[in-house]
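Asks: Got a structure for you, questions after.
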Amino acid sequence: MARLPPEPVSRLRRPRDWLIGLTLLAGLLIAVDHRVGWPALFAPWRDIPAPLLVGAFVLTAASYGLRAVRVYDYFGPLVAGRFLAVLRLSVLHNAANNLLPMRIGEVVFPWLMRRYFGHGFLAAGASLLWIRVMDLHCLVLAGLAVGWLWSPAWWWPLLGVLWLALVPAGLAVRRLGWVERLPAGRPRRVLLFVLDAAPADAALLLRLYLETLAIWATKLTAFVLVLSHFVSAAYWQLLAGVLGAELSSVLPFHGIAGAGSYELSGMAALVPLGVSVETALAGAVSLHLFLLGTTLLLGALAFLLPAGGASGSGDCAARASGQP
């Protein structure tokens, strides 16, 4: 059985990460108790419409499926014919990300890529970096859409077009070969290693980006539906709150199961837009409870999917030994 490399294991054992996570969790529990009250927090759950809850769950599950499609497309021949294993990997990776503190869950992706497909740990990590770049790019694009809904002006669409133009521009810069002209040394090798993991084909890049847009459109729609039951606000305000909460993934700190950091980021987006602190806190916690519930359910179901062993092909073996 494949084992976690020393670095991920050491991260799981770092007391500092768990201390920060526990501090954020304790702060959240105290804040809810003093500003909202637990009975008031749970009261809206009693009358949440079943169609809304089921619909939001289905959309969230669909976003997980689309993430698997993106990984399947990204790695191509390496994972061909094993979509269910990719789906299992994708769901477990996202579950780990949502449940573990300080982004430790990110190491699950390269670990499972090595375990299931024989792919190099560092190479899979470099590919995950590009996937996260696409995720962040789409979230910023959604943020520009919020700005346009908040204050319609001609320059919001212009900013959106310029932001989208960065996608093909990045591919063009890669093909200029500027990294190859850097002095020989470890920085050059690392940059080349990371760039080699990027989708170099324009058609593949377009497909991956469209898949990323579909992932976030599906997930954001589901989360706005849920948040709308707990927070009475305009659509653009709700979308801003969801985006704020989701952007907690880029913070330098992250609570256990996101507790504290997720709510803080959501409130940071909602409160300046006119939502009261109490309402924003209750809405962010309720949205987070929905996220954790779907995470636990889908994560449990993922274990029912077949995984299989790592491919024994020479190509996979060569990838498994890759180092920058």
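Asks: Convex hull over the alpha-carbon atoms of region 18-90: what's its volume per residue in Å³?
Replies: Here the figure is 139 Å³ per residue.
Asks: As a check on your grasp of the helix formula, calculate [θ] at 222 nm for the chain: sum -39500 (n - 2.57) over DSSP H runs of n ≥ 4, divide by the residue count, round to the nearest 500.
Replies: -24000 deg cm²/dmol, from helical runs alone.
Asks: Tally Lys/Arg at +1 and Asp/Glu at -1 over every other residue whose Cβ is under 15 Å from the Cβ of A95; what's the total?
Replies: Local net charge: +3.
Asks: Could you point to the residue in L291, V79, L139 farthest towards the positive end of region 47-306's charge dipole, with +1 and -1 charges on the Cβ of Lys/Arg and Asp/Glu respectively?
Replies: Working it through, the farthest residue towards the positive pole turns out to be V79.
Asks: Would you mind calculating the gained length between W156 and L289 on full extension (0.36 nm times residue separation, minus the Cα-Cα distance), in nm to one decimal?
Replies: 44.6 nm
Asks: May I have the pair-distance distribution P(r) for region 47-306, computed from all Cα-Cα distances with 10 Å bins from 0 and rounded to whole percent?
Replies: Computed distribution, short to long bins: 7, 27, 34, 23, 8, 1, 0.
Asks: In addition: What is the sum of charges, Lys and Arg at +1 and Asp and Glu at -1, for the other residues whose Cβ falls under 15 Å from the Cβ of A217?
Replies: Residues near A217 contribute 0 overall.
Asks: If I histogram all Cα-Cα distances within region 71-187 using bins 10 Å wide from 0, what percent of pairs lands in each bin?
Replies: Taking all Cα pairs of region 71-187, the binned fractions are 11, 29, 28, 25, 6, 0 percent.
Asks: Something else now. Let a ≥ b ≥ c be the square roots of the eigenvalues of the Cα gyration tensor of region 181-238; is it rounded (a/c under 1.5), or, if not, prolate (a/b larger than b/c) or oblate?
Replies: Since a/c reaches 1.5 and a/b is larger than b/c, the shape of region 181-238 is classed as prolate.
Asks: Can you check what the net charge comes to around A62, using other residues whose Cβ is under 15 Å from the Cβ of A62 (Lys, Arg +1; Asp, Glu -1)?
Replies: +2
Since every read-out is calculated from the coordinates, none of them should be taken as a lab result. Predicted model only: the values in this text are computed from it and were never measured. In this analysis, Cβ positions are derived from the backbone assuming ideal geometry, glycine residues included, and neighbour counts consider all displayed protein chains.
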